[in-house]
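All of the numbers you see were taken from the coordinates with simple rules; none came from a lab. These numbers were taken from a predicted model, which means no experiment stands behind them. Methodologically, a virtual Cβ is constructed for each residue, glycine included, from the backbone with ideal geometry; neighbour enumeration extends over all protein chains shown.
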Amino acid sequence: MASVEFNHQIASLQETLELFTRRFTKDQEESEDLIQDTILKALTYRDKFKQNTNLKGWLYTIMRNTFINNYRKSQRARTTLDDTKESYYLNVPDNYTFNTPDGSYEYKDIMKCVSEIREDLLIPFKMHTDGYKYHEIAEHLNIPIGTVKNRIFHARKEIQKKLVAYAY
């Protein structure tokens, strides 16, 4: 296919591409940018198009992939990078803190409940909350990993029973 004929066929599909962009965006400017990017890529990679195949389908694929790539790029741009040690807290919403006056009493009550559980449950539970993995706790205490999981589960259950007053 000659270059002029290829360009003419792409130009004739511009209205169809405009309708197709409505699947991706309602914004007129974004739609026009997507069409422009699609046509530019089609013209740039004209040699990749195979003769006697569906040009409209090829353009739709280019448009869809361009939209997805732009979307991913914008998502990465909106992500804030934090180099702190606790960066896993970065995107976690802070729905509840102990910074309120009554919060310090709640914290003390919770810690009291935690300290009141049996020692055989308390040690694996505290190790787990300190960040140790199940297998590390099992190795440290010389007990099977299933026992570690069981003790942590029962420690949580005991703490939950004692904290009924704070249930919503």
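Residue separation of Val164 and Thr147 scaled by 0.36 nm, minus their Cα-Cα distance, works out to 3.5 nm of gained length. Sites listed here are trypsin sites (Lys or Arg not before Pro) in region 1-60 whose DSSP assignment is loop and whose Cβ has at most 11 other Cβ atoms within 10 Å: Arg22, Arg23, Lys26, Lys50. Computed over the alpha-carbon atoms, region 101-166 gives an Rg to Rh ratio of 1.04, Rh here being the Kirkwood radius from the mean inverse distance. With an a/c value of 1.5 or above and a/b larger than b/c for the gyration tensor axes a ≥ b ≥ c computed over the alpha-carbon atoms, region 3-78 is described as prolate. Placing dummy labels 7 Å off each Cα toward the beta-carbon, the span from Lys73 to His135 is 4.1 nm.
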